[in-house]
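The values are calculated or read from the model by the stated rules, or taken from the named source; none is laboratory data. Predicted, not measured: the structure shown is a model, and the values here were computed from it. With ideal geometry, Cβ positions are generated from the backbone for all residues, glycine too; neighbour counts draw on all protein chains shown. Accessible surface is based on the protein model in full, side chains and every heavy atom, while ligands, DNA and RNA are left aside. Shrake-Rupley method; radii C 1.70, N 1.55, O 1.52, S 1.80 Å.
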Protein chains: 2
Amino acid sequence: MNTKEFDDRLRKAAERAESVLKSHLPAETGQQKEIFEAMNYSLMAGGKRLRPILMEETYRMCGGKQDKVIGCFMAAIEMIHTYSLVHDDLPAMDNDRYRRGRETTWYVYGDAMGILAGDGLLNYAFETALKAVAYVDREMCGNEVSDSAALSDGEKLARLRSIWRAISVLAGKAGAFGMIGGQAVDIMAEGRKQEEMTQEQLLFIHEHKTAALIQAAMMVGAILAGASEGQVTALEKCAYNIGIAFQIQDDILDVVGDSKELGKPVGSDAQNHKQTYVTLKGMEQAKTDVEELSREAIRILDGFEGEHEFLSQLILTLIHRSK
Amino acid sequence: MNTKEFDDRLRKAAERAESVLKSHLPAETGQQKEIFEAMNYSLMAGGKRLRPILMEETYRMCGGKQDKVIGCFMAAIEMIHTYSLVHDDLPAMDNDRYRRGRETTWYVYGDAMGILAGDGLLNYAFETALKAVAYVDREMCGNEVSDSAALSDGEKLARLRSIWRAISVLAGKAGAFGMIGGQAVDIMAEGRKQEEMTQEQLLFIHEHKTAALIQAAMMVGAILAGASEGQVTALEKCAYNIGIAFQIQDDILDVVGDSKELGKPVGSDAQNHKQTYVTLKGMEQAKTDVEELSREAIRILDGFEGEHEFLSQLILTLIHRSK
């Protein structure tokens, strides 16, 4: 796949993710319409839609074909990612007024509404994922004319169970055992002397704050497509590698990156005496580890029979970025 | 049921709710153990455990017998109620340092951890409710020896569908269409002149901020016990009446209550020029409405064959309280 083909496909994938997300936005009506506005403002703040794209591509690779079901989960994971940014930006957390050149949710709607809009998004993510159950249930057990009507009860049971498993994985990776746990350790580390951070803590933060939702994206895609236990576990490892490699590359770029290309100053970690993967393991080792993690991620994907050329290239692009 | 019998039964119900909740607390281990501590600190802050009690009593009234499944939902609804208090207490919201004579979560663990602990609790509520699916699924489809092993696929499907419906109801009543929506309207009203609040807005806030989770408690109890659609709808109305009557009584007590008995000053609403049910409709009408709403709630319960003497008395006690 050449660069133009890749760029075309990435653009189409992002457009699809964007349109799926739009189809799940809450209507801005009712007495509480201001919170719906704040939720939608947060969701429509741009962003690469990386998690829904990874989810959909993994789903296709594993043979998935059910658009409405995967769509609910693509929207749900982007809502979870978004709520985490909305809460991260709050004055009590990172106190950011701008993100991607746009005013953050709390800066537009106030602190209190920022908290509530984030809560609303997290809750709505689960409401949206649960719509997939309603959809399958109606299609299978209701009066709609469809192929599913001919399924046996055992087959219906199997389909509902896979959606359950997908919601459970999403919840687990998003919560205190996953992403929120990583944010908590990160917040606590900021209150301590950065020099004291161990490699174990740093990896914990990267694994939970970043890799967990990438794992959820790929695992949910695989589960909904009917992949085997072994395949889901393999993708969990693949996504771990992607998340960690992505973060190490982040630390590398802060030392050797081009501030113009990055759109932010380099050397800020060193200036803040921040412990990073580079300060802990050295630049050479950091570069070697990125290589090894990404090679291993691609090797896992190559174990899948389904088409995954675009997915592999996307992963390499994410990791080996210069900005 | 005399007062002593009622008090005994209430104490036992609260103890059961407390012990169910304890059995679902996350272990305080791992690098993120501080967030688990903050979550558990919030959950173990006392409280009447009203929602889990209402849920369990409704479940029993409708013939439910499955302890583990209802237990997951009893814990989940208390986690949702608790997270809403944790976020309400934040400096950016009500800025409360004490609740029930105990330091609030953010005041002990800091603002940032207060936000994350609330997020963790909301997410964990869904993780906990999802455990009910895992449990039923394992019991029905795994190798465990149980009565369920003899169920047909159709019967298994029906059981899983009822749990799914229960989670959907819980999510809907907790989110921006439910409780969070009520909090959002309340927050916005505070920013405006209180005199301008209409009866419609006041009822919206009471219905969503208070009644929604009471509705979830009773509806989930009924759904999990296998109640009919009509019964679930009747209980939704019953819980609405309970929630609204409870709030009107709150407004009445602020005018005629005994400050010693209430443990807080009376007349604060008038002092703050706060629009209440009493200022909008007058004291006599407010009292009449409480009577009518509670009579109607009991009338609905009396349509159920299952034992509900304690439940009825509990509801009357809640509404006709003097503190």
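Mind ranking B:Tyr98, B:Tyr240 by accessible surface for me, highest first, 1.4 Å probe?
Result, largest first: B:Tyr98, B:Tyr240.
Where the centroid of each part is defined by its Cα atoms, how far is segment B:31-101 from segment A:10-71 in Å?
31
Please work out whether chain B counts as rounded, prolate or oblate from its C-alpha gyration tensor, where a ≥ b ≥ c are the square roots of the eigenvalues and a/c under 1.5 means rounded, while otherwise a/b larger than b/c means prolate and anything else oblate?
Oblate, because a/c is 1.5 or more while a/b does not exceed b/c.
Considering Cα pairs under 8 angstrom that are at least six residues apart, work out the relative contact order of segment A:201-311 and quote it in whole percent.
About 28 percent, as a whole number.
So how far apart, in nm, are the two label points at B:Ser228 and B:Lys260 if each is 7 Å from Cα heading toward Cβ?
Label-label distance for B:Ser228 and B:Lys260, simple model: 5.3 nm.
May I ask you to evaluate 6.51 cos²θ - 1.76 cosθ + 1.60, the Karplus curve with θ = phi - 60°, for each residue of segment B:155-167 and list the ³J(HN,Hα) values in order in whole Hz, giving x for glycine and proline?
5, 4, 4, 4, 5, 5, 5, 5, 5, 4, 4, 5, 5
For the interface of chains B and A, what total accessible area is buried with a 1.4 Å probe, rounded to the nearest 100 Å²?
It comes to approximately 4800 Å² buried between B and A.
Using +1 at the Cβ of each Lys and Arg and -1 at the Cβ of each Asp and Glu in the protein assembly as shown, identify which of A:Tyr59, B:Ala184, A:Gly282 lies farthest towards the dipole's positive end.
Towards the positive end, the residue furthest out is A:Tyr59.
If amide H atoms are built 1.01 Å from N in the plane of the peptide, which residues on other chains or at least 5 residues away come under 5 Å of the amide H of A:Gly64?
none
With label points built 7 Å along Cα→Cβ from the Cα atoms of A:Glu15 and A:Lys237, find their separation and express it in nm.
Each label point is offset 7 Å from its Cα along the Cβ direction, giving 3.8 nm.
Express the accessible area of the protein assembly as shown per residue in Å², computed with a 1.4 Å probe while the remaining protein chains stay in the model.
With all protein chains present, the protein assembly as shown gives 42 Å² per residue.
Hey, what did segment A:1-151 get for relative contact order, percent, Cα under 8 Å, at least 6 apart?
Once normalised by length, the contact order is 24 percent.
Across the residues of A:102-113, average count of Cβ atoms on other protein chains within 10 Å?
Mean partner-chain Cβ count within 10 Å for A:102-113: 3.
Normalising by the residue count of chain A, find the relative contact order in percent from Cα pairs under 8 Å and 6+ residues apart.
The normalised contact order for chain A reaches 19 percent.
Taking Cα atoms, how many degrees apart are the long axis of helix A:179-191 and the longest axis of chain A, rounded to 10 and kept between 0 and 90?
On a 0 to 90 degree scale, this one is about 20.
What is the mean number of Cβ atoms from other protein chains located within 10 Å of the Cβ atom of each residue in peptide A:23-30, rounded to a whole number?
Shielding by partners across A:23-30 averages 1.
Other chains' Cβ within 10 Å of B:123-132 residues: what's the mean?
For this peptide, the per-residue mean of nearby foreign Cβ atoms is 6.
For A:Phe304, what residues show an amide H to amide H distance below 5 Å, using hydrogens built from the backbone and excluding near sequence neighbours?
Under 5 Å from the amide H of A:Phe304: no residue qualifies.
Calculate what fraction, in whole %, of the accessible area of the protein assembly as shown sits on carbon and sulfur atoms when a 1.4 Å probe is rolled over the protein chains.
Carbon and sulfur: 49 percent of the exposed surface of the protein assembly as shown.
Using the Karplus curve 6.51 cos²θ - 1.76 cosθ + 1.60 with θ = phi - 60°, what ³J(HN,Hα) values do you get for each residue of segment B:28-36, in whole Hz, with x for Gly and Pro?
Karplus values, whole Hz, x for Gly and Pro: 8, 10, x, 5, 8, 4, 5, 6, 5.
5 Å is the cut-off here: which amide hydrogens, built 1.01 Å from N in the peptide plane, fall below it relative to A:Arg99, excluding neighbours closer than 5 in sequence?
A:Thr104
Could you go through segment B:46-59 in sequence order and give the Karplus-derived ³J(HN,Hα) for each residue, using 6.51 cos²θ - 1.76 cosθ + 1.60 with θ = phi - 60°, rounded to whole Hz, and x for Gly and Pro?
Working through the residues one at a time gives x, x, 7, 6, 4, 5, x, 5, 4, 5, 5, 5, 5, 4 Hz.
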